[in-house]
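Below is one structure, written out as structure tokens; the observations come after it.
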Amino acid sequence: MKGVIASRAPGVPVVDVTHGIPPQAVLAGALALRAAAPYFPAGAVHVAVVDPGVGTARRAIAVETDGAVLVGPDNGVLGLAAPADRVRRIVELTDERFFLSPRSRTFDGRDVFAPVAAAIATGTTLPALGPERRDMVRVGLPPIVRDGSRLRAEVVYVDHFGNLATNVQAADVGTVRAVEVAGCTIAGLAPTFGDGAPGELVAIANSWGLIEIAVRGGSARDVLGVGAGAPVSVVVA
Amino acid sequence: MKGVIASRAPGVPVVDVTHGIPPQAVLAGALALRAAAPYFPAGAVHVAVVDPGVGTARRAIAVETDGAVLVGPDNGVLGLAAPADRVRRIVELTDERFFLSPRSRTFDGRDVFAPVAAAIATGTTLPALGPERRDMVRVGLPPIVRDGSRLRAEVVYVDHFGNLATNVQAADVGTVRAVEVAGCTIAGLAPTFGDGAPGELVAIANSWGLIEIAVRGGSARDVLGVGAGAPVSVVVA
Amino acid sequence: MKGVIASRAPGVPVVDVTHGIPPQAVLAGALALRAAAPYFPAGAVHVAVVDPGVGTARRAIAVETDGAVLVGPDNGVLGLAAPADRVRRIVELTDERFFLSPRSRTFDGRDVFAPVAAAIATGTTLPALGPERRDMVRVGLPPIVRDGSRLRAEVVYVDHFGNLATNVQAADVGTVRAVEVAGCTIAGLAPTFGDGAPGELVAIANSWGLIEIAVRGGSARDVLGVGAGAPVSVVVA
């Protein structure tokens, strides 16, 4: 992909955001893109390839928002970074003149998304790439079920440190009294990872704004033995 | 290595192709380089360091092909990207003026290959680097044994997804009737990863042109419990 | 972090040195920074974020040495690259005008260190960033205990290959007669990884200048079953 961009958009800087999204984890990719994109210069072109459906009938799209252009498969990976009220234009990538030729059936990152991103970065406008579409596939965070003062949530992402991010936006809930996971109860939210004793479980608001379970100086994944999909309860005031 | 290049070739863009080649896996490195190099601009300098023999008598070389310059140890890692009919010049890197000084015995990537690549990227021609050589070490894909309509092949590379790439070039064989691996039989080649039911084994032509065994939405390595070197039979028409 | 730098210091090249430091491993980060920094152009700005104390009262600092500017938490990660006799200035990062706003409690890499590095790379001098400090936190290599001709040392870093780096600087000891680890005795230092038979244990001086235990064509970590903290004896002449 980088070779294609270097060939077709010489001099355009390319930045690796992450190569750590687990295979097929469209939601994790969508979360990472939502978290990273706002920090880039306005109009930056973001390519996101978590693409288990490559070669099937799933669409390839480019999305212009009020701050960025997103390129990738239309499977939800672009969705969280492009909330509907910020989308200006969605086009389906159909004009094969912008693709590599021959095009493989198994790596659209290289053959479609990288050359299209290079085209956009060098001045091609979205309407040139294919027909406008009214909507795109969206994957949301799993729904949270409210049960009195208890929010039934789950782990949606496990990072490099073994921290367990949940689907609960810290800003959306009031005071947190407790977080329960894997039979353990954590009292309230700590301000940061360094609170509590070494080895102790803490719940924090992470840098993506999500409530996250961590172990000071350790890995919550390893200590608790749970991962993505594990149920979490957040008890609010 | 990047610091050396930034110091000696300021402003020359550097791209990471992969840091995922398994230790000592010269053939995997050679396959990755062959797959990536054609997508870069003509004349790009590629440095490949899979170098278990660093510090021994193995040569250090630079190879000019019709499309690129390759720099690395002469152990085969450069060979698949430099087929004999495309090689223009091979030189042994002997002129220590281009190396870092002092030079360690354990990291020629930093001390030899990076500074030589920086020199080439800033205009040094190959003859200045050392004497011309007539040949280079080549590691081929393991041979395929034909047994009637059955090709006895093997897994040569396991990627990040757990996909099992074989030594069979899809373009070199006719219609594939079946692929057999680890006691399982896969009927024919699927066009892409997304065919079949979730969890089902598929065989495809991967983005490097090799027949590859995958599991839809999963890891063939984990499902089958095999890795590089595992025997694979491809039954052709 | 890269988005912040791209936004605030457009055109300034950014290089990934490593994303492979184990979580919370401040000493490993300090060793990697000490090893890499000298190879970069004079005045390069190095950001090092191994930061288990993010959000606590630990200081954030920038350090100017005779060859570089280092930015990161004041927890020791910058210390080995900034020996006292090479430090020109240490400032505490207190001027929030250089930070992102709002600033999270959990990711100073993005919110503090990246924007400060961008400011320095675009001409801000250290005194503008905050008050000068006389010292910084230092983490040293664990002490080596001399017992006759035996140096009682330990493994301080395990790399991607499973090589076991110790706290013994090869240049600081005389002739090495033997290295003992995990019940095995290795006779003397080999010049390089490729010495000995495949699968054999060797001790070498690694590219960071440290005595390191390796297995030719294999992983010393896997063969010996030990990691960081494991005791090592170096028997000298």
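Can you pull out every residue in region B:33-44 that is touching a residue at least 40 places away in the same chain (Cβ under 8 Å) and open to solvent by less than 50 Å² (accessible area, probe 1.4 Å)?
Of everything in region B:33-44, those that are touching a residue at least 40 places away in the same chain (Cβ under 8 Å) and open to solvent by less than 50 Å² (accessible area, probe 1.4 Å) turn out to be B:Leu33, B:Ala35, B:Ala37.
Looking only at strands (runs of 3 or more DSSP E) that lie completely in region B:109-223, which have at least 2 residues being more than 14 Å from chain A (Cβ to nearest Cβ)? Walk me through it before giving the result.
On the way: elements: B:145-147, B:150-158, B:164-169, B:176-181, B:184-187, B:201-205, B:210-215.
In region B:109-223, B:145-147, B:150-158, B:164-169, B:176-181, B:184-187 are the strands (runs of 3 or more DSSP E) which contain 2 or more residues that are more than 14 Å from chain A (Cβ to nearest Cβ).
So which of B:Ala228, B:Ala237, B:Ala190, B:Ala197 is at pLDDT below 95 and within 20 Å of the chain's Cα centre (by Cα)?
B:Ala228
Looking only at region A:80-108, count how many residues are in a helix (DSSP H, G or I), away from chain B (no Cβ under 14 Å) and either closer than 23 Å to B:Ala190 by Cβ or aliphatic (A, V, I, L, M) (or both). Steps first, please.
First, the residues of region A:80-108 that are in a helix (DSSP H, G or I): A:80-81, A:84-86, A:96-98, A:108.
Of the ones still in play, those that are also away from chain B (no Cβ under 14 Å) are A:80-81, A:84-86, A:96-98.
Now restrict to residues that are either closer than 23 Å to B:Ala190 by Cβ or aliphatic (A, V, I, L, M) (or both): A:80-81, A:84, A:96.
Final tally of qualifying residues: 4.
Do we find that B:Val26 is open to solvent by less than 40 Å² (accessible area, probe 1.4 Å) and within 14 Å of chain C (Cβ to nearest Cβ) in this structure? Step through it out loud before you land on a result.
Numbers: open to solvent by less than 40 Å² (accessible area, probe 1.4 Å): yes; within 14 Å of chain C (Cβ to nearest Cβ): yes.
So B:Val26 passes the test.
Determine whether C:Glu180 is free of Cβ contacts under 8 Å to residues at least 60 places away in the same chain, farther than 30 Å from C:Tyr39 by Cβ and among the acidic types (Asp, Glu).
Against the criterion (free of Cβ contacts under 8 Å to residues at least 60 places away in the same chain, farther than 30 Å from C:Tyr39 by Cβ and among the acidic types (Asp, Glu)), C:Glu180 qualifies.
It is to be established whether one or more residues within region B:33-42 are at pLDDT 95 or above, over 30 Å from B:Val155 (Cα atoms) and out of contact with any Lys or Arg (no Cβ under 6 Å at 6 or more places or on another chain).
The answer is yes; a qualifying residue exists.
Output the residues belonging to region C:1-18 that are in a loop (DSSP other than H, G, I, E, B) and either surrounded by fewer than 18 Cβ atoms within 10 Å (Cβ to Cβ) or within 11 Å of chain A (Cβ to nearest Cβ) (or both).
Residues satisfying the conditions are C:Met1, C:Ala9, C:Pro10, C:Gly11, C:Val12, C:Pro13, C:Val14, C:Val15, C:Asp16, C:Thr18.
Take the residues of region A:45-55 that are among the aliphatic types (A, V, I, L, M) and away from chain B (no Cβ under 14 Å): which is surrounded by the most Cβ atoms within 10 Å (Cβ to Cβ)?
A:Ala48
Any residue in region B:9-22 that is touching a strand residue (DSSP E or B) at 6+ places or on another chain (Cβ under 8 Å) and among the small types (Gly, Ala, Ser)?
no
Give region A:184-204 a look and list any residue that's open to solvent by less than 40 Å² (accessible area, probe 1.4 Å) and in contact with a Leu (Cβ under 7 Å, 6 or more places away or on another chain), or say none.
Across region A:184-204, the qualifying residues are A:Ile186, A:Ala203, A:Ile204.
What are the residues in region B:148-183 that are over 23 Å from B:Ala25 (Cα atoms) and either hydroxyl-bearing (Ser, Thr, Tyr) or surrounded by 14 or more Cβ atoms within 10 Å (Cβ to Cβ) (or both), if any?
So in region B:148-183, the residues over 23 Å from B:Ala25 (Cα atoms) come out as B:148-151, B:171-180, B:183.
Correct list: B:Ser149, B:Arg150, B:Leu151, B:Val173, B:Thr175, B:Val176, B:Arg177, B:Ala178, B:Val179, B:Glu180.
Within the bounds of region C:34-42, is there any residue that is farther than 25 Å from B:Pro115 by Cα, touching a helix residue (DSSP H, G or I) at 6+ places or on another chain (Cβ under 9 Å) and among the aromatic types (Phe, Trp, Tyr)?
No, because not a single residue in region C:34-42 is farther than 25 Å from B:Pro115 by Cα, touching a helix residue (DSSP H, G or I) at 6+ places or on another chain (Cβ under 9 Å) and among the aromatic types (Phe, Trp, Tyr).
Of all residues in region B:56-72, count the ones that are in contact (Cβ under 8 Å) with a residue 40 or more places away in the chain and open to solvent by less than 20 Å² (accessible area, probe 1.4 Å).
Total meeting the criteria: 7.
Here are B:Pro142, B:Pro131, B:Pro127: which of them is out of contact with any helix residue (DSSP H, G or I) (no Cβ under 6 Å at 6 or more places or on another chain) and at pLDDT below 95?
B:Pro142
Conditions first: (1) under 18 Å from the mean Cα position of the chain (by Cα); (2) more than 10 Å from every other protein chain (Cβ to nearest Cβ); (3) small (Gly, Ala, Ser). C:Ala35 passes all but one, so which condition is the exception?
(2)
If you scan region A:81-121, which residues turn out to be of a type in the set (A, V, I, L, M, F, W, C) and open to solvent by 30 Å² or more (accessible area, probe 1.4 Å)?
Result: A:Ala84, A:Val87, A:Phe98, A:Phe107, A:Ala121.
The values are calculated or read from the model by the stated rules, or taken from the named source; none is laboratory data. Keep in mind that this is a model prediction, so the values were computed, not measured. For neighbour counting, all protein chains shown are included, and Cβ atoms are generated from backbone atoms with ideal geometry for every residue, glycine included. SASA here: full protein model, heavy atoms, side chains in, ligands and nucleic acids out. Shrake-Rupley method; radii C 1.70, N 1.55, O 1.52, S 1.80 Å.
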